[in-house]
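The values are calculated or read from the model by the stated rules, or taken from the named source; none is laboratory data. Every value quoted in this text rests on a predicted model; they were computed, and no experiment measured them. Here Cβ is always computed from backbone atoms with ideal geometry, including for glycine, and neighbour counts include all displayed protein chains.
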Amino acid sequence: MKNENIFLNNRAVLKISGPNYLTFLNNILTSDITKIKSKEVAPSALLSPQGRILFDILISLGPIKKIDDLGYILIECEVTQVDDLFKKIAIYNLRKEVIIEKTKYKVFVTKNPKNHLHSLIDKRFFETSIGRFYKDIEIENIDLECNVTSSKDINWYNSLRYINCIPEGPKEIIPNVSLPLEINLDLLGGISFEKGCFIGQEVNARVKWKGLVKKKYVPIIIENEDLSITHYNIDNENKIFLKDIEIGKIMSLAYDKIVNKYFGIAIIKLVHLYNFEENSDLECYHEESKIKIRFPQYLLPLPKKS
(Lines give C-alpha, C1' and ligand atoms only; values in the text may rest on other atoms or scores of the structure.)
Protein backbone atom coordinates (compact mmCIF):
# COMPACT_ATOMS: atom_id res chain seq x y z
CA MET A 1 0.00 0.00 0.00
CA LYS A 2 1.80 3.10 -1.24
CA ASN A 3 2.05 6.11 1.04
CA GLU A 4 1.29 4.09 4.17
CA ASN A 5 4.77 4.76 5.56
CA ILE A 6 6.83 7.91 6.01
CA PHE A 7 10.59 8.07 6.56
CA LEU A 8 11.33 10.83 9.05
CA ASN A 9 14.77 12.08 8.08
CA ASN A 10 14.62 14.67 10.88
CA ARG A 11 14.63 12.05 13.67
CA ALA A 12 17.40 10.02 15.35
CA VAL A 13 17.60 7.30 18.01
CA LEU A 14 19.77 6.72 21.08
CA LYS A 15 20.09 3.40 22.92
CA ILE A 16 20.41 3.30 26.71
CA SER A 17 21.41 0.04 28.40
CA GLY A 18 23.26 -1.34 31.42
CA PRO A 19 22.29 -2.85 34.79
CA ASN A 20 20.69 0.34 36.16
CA TYR A 21 19.30 1.98 33.04
CA LEU A 22 15.66 1.96 34.21
CA THR A 23 16.38 3.57 37.57
CA PHE A 24 18.79 6.04 36.00
CA LEU A 25 16.34 7.24 33.36
CA ASN A 26 13.43 7.31 35.80
CA ASN A 27 15.39 9.73 37.96
CA ILE A 28 16.01 12.24 35.16
CA LEU A 29 13.10 11.97 32.69
CA THR A 30 9.56 13.27 33.21
CA SER A 31 7.67 10.03 32.49
CA ASP A 32 7.48 6.85 34.56
CA ILE A 33 9.76 4.48 32.65
CA THR A 34 8.57 1.47 34.65
CA LYS A 35 5.07 1.78 33.18
CA ILE A 36 6.08 1.64 29.53
CA LYS A 37 4.77 -1.48 27.82
CA SER A 38 6.33 -3.42 24.99
CA LYS A 39 5.10 -2.64 21.48
CA GLU A 40 4.45 1.00 22.33
CA VAL A 41 6.29 4.31 22.13
CA ALA A 42 5.48 7.00 24.69
CA PRO A 43 6.32 10.69 25.13
CA SER A 44 8.73 12.01 27.72
CA ALA A 45 11.15 14.91 28.19
CA LEU A 46 14.40 15.93 29.77
CA LEU A 47 14.00 19.25 31.57
CA SER A 48 16.28 21.94 32.88
CA PRO A 49 16.51 22.32 36.68
CA GLN A 50 14.18 25.32 36.17
CA GLY A 51 11.53 22.98 34.77
CA ARG A 52 11.75 24.01 31.11
CA ILE A 53 11.87 21.46 28.28
CA LEU A 54 15.36 20.92 26.89
CA PHE A 55 14.55 17.82 24.83
CA ASP A 56 11.17 16.36 23.97
CA ILE A 57 11.61 12.65 23.26
CA LEU A 58 9.85 9.38 22.58
CA ILE A 59 10.84 6.29 24.51
CA SER A 60 10.32 2.57 23.92
CA LEU A 61 11.50 -0.72 25.36
CA GLY A 62 14.00 -2.84 23.52
CA PRO A 63 13.01 -6.53 23.30
CA ILE A 64 14.14 -8.98 25.97
CA LYS A 65 15.22 -12.12 24.13
CA LYS A 66 16.25 -14.37 27.02
CA ILE A 67 15.73 -14.72 30.77
CA ASP A 68 18.94 -12.98 31.84
CA ASP A 69 18.62 -10.24 29.21
CA LEU A 70 18.29 -6.82 30.90
CA GLY A 71 16.90 -5.15 27.78
CA TYR A 72 17.38 -1.50 26.89
CA ILE A 73 15.56 1.74 26.15
CA LEU A 74 15.41 3.51 22.79
CA ILE A 75 15.12 7.29 22.87
CA GLU A 76 13.91 9.04 19.72
CA CYS A 77 14.62 12.74 19.33
CA GLU A 78 15.14 15.44 16.72
CA VAL A 79 18.27 14.72 14.68
CA THR A 80 19.60 18.23 15.30
CA GLN A 81 19.48 17.57 19.04
CA VAL A 82 20.87 14.06 19.23
CA ASP A 83 24.46 15.10 19.98
CA ASP A 84 23.41 17.54 22.70
CA LEU A 85 21.03 14.97 24.22
CA PHE A 86 23.82 12.37 24.24
CA LYS A 87 26.12 14.82 26.05
CA LYS A 88 23.44 15.86 28.55
CA ILE A 89 22.62 12.27 29.51
CA ALA A 90 26.35 11.54 29.80
CA ILE A 91 26.72 14.43 32.26
CA TYR A 92 24.15 12.83 34.57
CA ASN A 93 25.79 9.43 34.18
CA LEU A 94 28.31 10.22 36.91
CA ARG A 95 28.69 6.66 38.18
CA LYS A 96 28.76 5.24 34.66
CA GLU A 97 25.60 3.32 35.51
CA VAL A 98 24.44 3.13 31.93
CA ILE A 99 25.78 2.72 28.42
CA ILE A 100 24.74 5.47 26.00
CA GLU A 101 24.98 4.73 22.29
CA LYS A 102 24.08 6.52 19.09
CA THR A 103 22.33 4.13 16.74
CA LYS A 104 22.03 4.05 12.97
CA TYR A 105 18.28 3.47 13.18
CA LYS A 106 16.09 5.29 10.70
CA VAL A 107 12.66 6.36 11.98
CA PHE A 108 9.44 5.52 10.14
CA VAL A 109 5.78 6.34 10.76
CA THR A 110 3.02 4.08 9.49
CA LYS A 111 -0.74 4.37 9.10
CA ASN A 112 -1.02 0.59 9.38
CA PRO A 113 0.88 -0.64 12.47
CA LYS A 114 -0.52 -4.18 12.13
CA ASN A 115 1.30 -4.58 8.81
CA HIS A 116 4.69 -4.31 10.50
CA LEU A 117 6.03 -6.97 12.85
CA HIS A 118 8.15 -4.55 14.87
CA SER A 119 5.79 -1.58 14.80
CA LEU A 120 5.27 0.38 18.02
CA ILE A 121 1.92 2.04 18.73
CA ASP A 122 2.36 5.77 19.26
CA LYS A 123 0.51 6.40 22.54
CA ARG A 124 0.12 10.12 21.85
CA PHE A 125 -2.61 9.48 19.29
CA PHE A 126 -5.74 8.60 21.26
CA GLU A 127 -8.25 8.39 18.42
CA THR A 128 -6.06 7.15 15.55
CA SER A 129 -3.80 4.10 15.31
CA ILE A 130 -0.38 5.41 14.29
CA GLY A 131 2.75 3.29 14.53
CA ARG A 132 6.48 3.91 14.46
CA PHE A 133 9.25 1.50 13.62
CA TYR A 134 13.02 1.71 13.58
CA LYS A 135 15.30 0.04 11.04
CA ASP A 136 19.06 -0.01 10.59
CA ILE A 137 18.99 0.40 6.85
CA GLU A 138 20.93 2.28 4.19
CA ILE A 139 19.23 5.35 2.72
CA GLU A 140 19.29 3.96 -0.81
CA ASN A 141 17.32 0.86 0.31
CA ILE A 142 14.57 2.68 2.18
CA ASP A 143 11.99 2.94 -0.62
CA LEU A 144 12.43 -0.68 -1.65
CA GLU A 145 12.44 -2.35 1.77
CA CYS A 146 10.09 -0.10 3.75
CA ASN A 147 7.47 0.86 1.17
CA VAL A 148 7.77 4.55 1.94
CA THR A 149 6.54 7.64 0.24
CA SER A 150 8.92 10.57 -0.25
CA SER A 151 10.31 12.04 2.95
CA LYS A 152 9.16 15.41 1.55
CA ASP A 153 5.53 14.21 1.47
CA ILE A 154 5.11 14.42 5.22
CA ASN A 155 2.00 16.58 5.38
CA TRP A 156 -0.40 13.77 6.26
CA TYR A 157 1.65 13.00 9.36
CA ASN A 158 2.15 16.62 10.37
CA SER A 159 -1.53 17.43 9.77
CA LEU A 160 -2.52 14.49 11.97
CA ARG A 161 -0.14 15.64 14.69
CA TYR A 162 -1.51 19.15 14.59
CA ILE A 163 -5.16 18.07 14.63
CA ASN A 164 -4.34 16.10 17.78
CA CYS A 165 -2.14 18.90 19.19
CA ILE A 166 1.06 16.85 19.26
CA PRO A 167 4.14 19.06 18.84
CA GLU A 168 7.58 17.63 18.06
CA GLY A 169 11.09 19.01 17.98
CA PRO A 170 12.74 22.33 18.86
CA LYS A 171 10.95 24.37 16.16
CA GLU A 172 7.60 23.61 17.77
CA ILE A 173 8.73 23.20 21.39
CA ILE A 174 11.18 26.00 22.14
CA PRO A 175 14.12 24.58 24.18
CA ASN A 176 14.57 26.03 27.64
CA VAL A 177 11.38 28.09 27.20
CA SER A 178 8.37 25.76 26.98
CA LEU A 179 6.87 24.19 30.11
CA PRO A 180 5.55 20.59 29.97
CA LEU A 181 2.02 21.62 30.99
CA GLU A 182 1.94 24.32 28.30
CA ILE A 183 2.46 21.72 25.56
CA ASN A 184 0.01 19.31 27.32
CA LEU A 185 2.70 16.73 28.07
CA ASP A 186 0.80 15.76 31.21
CA LEU A 187 -2.37 15.00 29.22
CA LEU A 188 -0.40 13.00 26.63
CA GLY A 189 1.02 10.75 29.36
CA GLY A 190 4.54 12.17 29.22
CA ILE A 191 4.96 13.42 32.79
CA SER A 192 4.36 11.62 36.09
CA PHE A 193 3.91 13.42 39.40
CA GLU A 194 3.45 10.14 41.29
CA LYS A 195 6.77 8.39 40.62
CA GLY A 196 8.92 10.74 42.71
CA CYS A 197 11.56 13.28 41.79
CA PHE A 198 12.95 14.01 38.34
CA ILE A 199 14.89 16.97 37.02
CA GLY A 200 12.64 20.04 37.09
CA GLN A 201 9.92 18.19 39.04
CA GLU A 202 9.55 20.74 41.84
CA VAL A 203 8.84 23.65 39.47
CA ASN A 204 6.26 21.72 37.46
CA ALA A 205 4.54 20.31 40.53
CA ARG A 206 4.07 23.87 41.75
CA VAL A 207 2.74 24.94 38.34
CA LYS A 208 0.28 22.05 38.35
CA TRP A 209 -1.06 22.16 41.90
CA LYS A 210 -1.22 25.96 42.13
CA GLY A 211 -2.83 26.39 38.70
CA LEU A 212 -0.03 28.55 37.32
CA VAL A 213 -0.37 27.56 33.66
CA LYS A 214 -0.86 30.77 31.67
CA LYS A 215 -0.64 29.50 28.08
CA LYS A 216 -1.63 26.35 26.23
CA TYR A 217 -0.85 24.71 22.92
CA VAL A 218 -4.05 24.16 20.92
CA PRO A 219 -4.87 22.93 17.38
CA ILE A 220 -5.87 25.51 14.79
CA ILE A 221 -7.53 25.32 11.37
CA ILE A 222 -7.19 27.94 8.65
CA GLU A 223 -9.36 27.88 5.54
CA ASN A 224 -7.24 28.52 2.45
CA GLU A 225 -9.62 30.99 0.81
CA ASP A 226 -7.60 34.08 -0.04
CA LEU A 227 -4.10 32.56 0.22
CA SER A 228 -3.09 35.29 2.67
CA ILE A 229 -1.59 32.57 4.88
CA THR A 230 1.18 32.20 2.31
CA HIS A 231 2.80 35.10 4.18
CA TYR A 232 3.25 32.78 7.16
CA ASN A 233 6.89 32.14 8.03
CA ILE A 234 8.02 29.99 10.95
CA ASP A 235 10.75 32.53 11.77
CA ASN A 236 8.30 35.44 12.15
CA GLU A 237 6.25 36.33 15.20
CA ASN A 238 3.02 35.09 13.55
CA LYS A 239 0.78 36.84 16.04
CA ILE A 240 -2.84 35.82 16.54
CA PHE A 241 -5.51 38.36 17.42
CA LEU A 242 -9.02 38.13 18.86
CA LYS A 243 -10.60 41.35 17.62
CA ASP A 244 -7.79 43.80 18.40
CA ILE A 245 -6.25 41.84 21.30
CA GLU A 246 -3.09 39.80 20.78
CA ILE A 247 -3.79 36.38 22.31
CA GLY A 248 -0.96 34.16 21.07
CA LYS A 249 1.02 33.02 18.04
CA ILE A 250 1.23 30.23 15.48
CA MET A 251 3.92 27.63 16.26
CA SER A 252 3.61 25.44 13.15
CA LEU A 253 1.44 24.78 10.09
CA ALA A 254 0.88 22.06 7.48
CA TYR A 255 -1.22 22.38 4.33
CA ASP A 256 -3.67 19.59 3.47
CA LYS A 257 -4.39 19.96 -0.25
CA ILE A 258 -7.19 17.38 -0.16
CA VAL A 259 -9.39 19.53 2.08
CA ASN A 260 -7.69 22.84 1.13
CA LYS A 261 -6.98 23.76 4.74
CA TYR A 262 -4.03 24.51 6.94
CA PHE A 263 -3.76 22.57 10.19
CA GLY A 264 -1.44 23.86 12.86
CA ILE A 265 -0.56 24.39 16.49
CA ALA A 266 -0.72 27.73 18.26
CA ILE A 267 0.15 28.83 21.77
CA ILE A 268 -2.71 30.87 23.23
CA LYS A 269 -3.14 32.64 26.55
CA LEU A 270 -5.38 30.51 28.74
CA VAL A 271 -7.54 33.45 29.81
CA HIS A 272 -8.65 33.83 26.17
CA LEU A 273 -9.01 30.11 25.48
CA TYR A 274 -12.03 29.96 27.79
CA ASN A 275 -13.93 32.00 25.19
CA PHE A 276 -13.24 29.36 22.53
CA GLU A 277 -14.18 26.57 24.93
CA GLU A 278 -17.57 28.22 25.46
CA ASN A 279 -18.12 29.14 21.79
CA SER A 280 -16.79 26.69 19.18
CA ASP A 281 -17.74 29.09 16.34
CA LEU A 282 -15.53 31.88 17.63
CA GLU A 283 -12.77 32.96 15.23
CA CYS A 284 -9.46 34.71 15.68
CA TYR A 285 -7.05 36.06 13.06
CA HIS A 286 -3.51 35.99 11.73
CA GLU A 287 -3.22 38.97 9.41
CA GLU A 288 -6.26 38.49 7.11
CA SER A 289 -6.66 34.76 7.67
CA LYS A 290 -9.48 33.44 9.85
CA ILE A 291 -8.46 30.89 12.46
CA LYS A 292 -10.64 28.39 14.30
CA ILE A 293 -9.59 26.44 17.36
CA ARG A 294 -10.73 22.82 17.52
CA PHE A 295 -10.01 21.16 20.86
CA PRO A 296 -9.38 17.41 20.86
CA GLN A 297 -11.40 15.76 23.60
CA TYR A 298 -8.40 15.12 25.84
CA LEU A 299 -7.79 18.87 26.20
CA LEU A 300 -11.20 19.54 27.71
CA PRO A 301 -12.20 20.86 30.10
CA LEU A 302 -9.51 23.50 30.19
CA PRO A 303 -7.79 23.93 33.57
CA LYS A 304 -9.32 26.57 35.81
CA LYS A 305 -7.37 28.90 38.02
CA SER A 306 -7.02 27.65 41.57
For residues that are modelled with pLDDT of 95 or more and among the hydrophobic types (A, V, I, L, M, F, W, C), scanning just the stretch 151-173, find the one that is farthest from Arg11 (Cα to Cα).
Ile163
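Within the stretch 220-231, identify whether any single residue is on the phi < 0 side of the Ramachandran plot, touching a Leu at 6+ places or on another chain (Cβ under 7 Å) and at pLDDT 90 or above, and answer yes or no.
In the first step, residues of the stretch 220-231 are kept if they are on the phi < 0 side of the Ramachandran plot; the result is 220-226, 228-231.
If we keep only those that are touching a Leu at 6+ places or on another chain (Cβ under 7 Å) as well, we get none.
So far as the stretch 220-231 goes, no, none of its residues is on the phi < 0 side of the Ramachandran plot, touching a Leu at 6+ places or on another chain (Cβ under 7 Å) and at pLDDT 90 or above.
When you check Ser178 against the structure, is it outside any loop (DSSP other than H, G, I, E, B) and not charged (D, E, K, R), yes or no? Please lay out each step first, then the result.
Values: outside any loop (DSSP other than H, G, I, E, B): no; not charged (D, E, K, R): yes.
Spelling it out, it is not the case that Ser178 is outside any loop (DSSP other than H, G, I, E, B) and not charged (D, E, K, R).
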Filter the stretch 1-17 down to residues that are in contact with a Ser or Thr (Cβ under 9 Å, 6 or more places away or on another chain) and not in a strand (DSSP E or B), then give me how many there are.
5
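Give the residue, chosen from Ser38, Ser31, that is among the hydroxyl-bearing types (Ser, Thr, Tyr) and over 21 Å from Ile166 (Cβ atoms). Steps first, answer last, please.
On the way: Ser31 fails: over 21 Å from Ile166 (Cβ atoms).
None of the other options fit; the residue is Ser38.
The rows are residues; the columns are (1) part of a strand (DSSP E or B); (2) modelled with pLDDT under 95; (3) touching a strand residue (DSSP E or B) at 6+ places or on another chain (Cβ under 8 Å); (4) over 21 Å from Gly189 (Cβ atoms).
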residue	(1), (2), (3), (4)
Pro19	no, yes, no, yes
Thr23	no, yes, no, no
Lys37	no, yes, yes, no
Ala45	yes, no, yes, no
Phe55	yes, no, yes, no
Ile59	yes, no, yes, no
Asp68	no, yes, no, yes
Ala90	no, no, yes, yes
Glu97	no, yes, no, yes
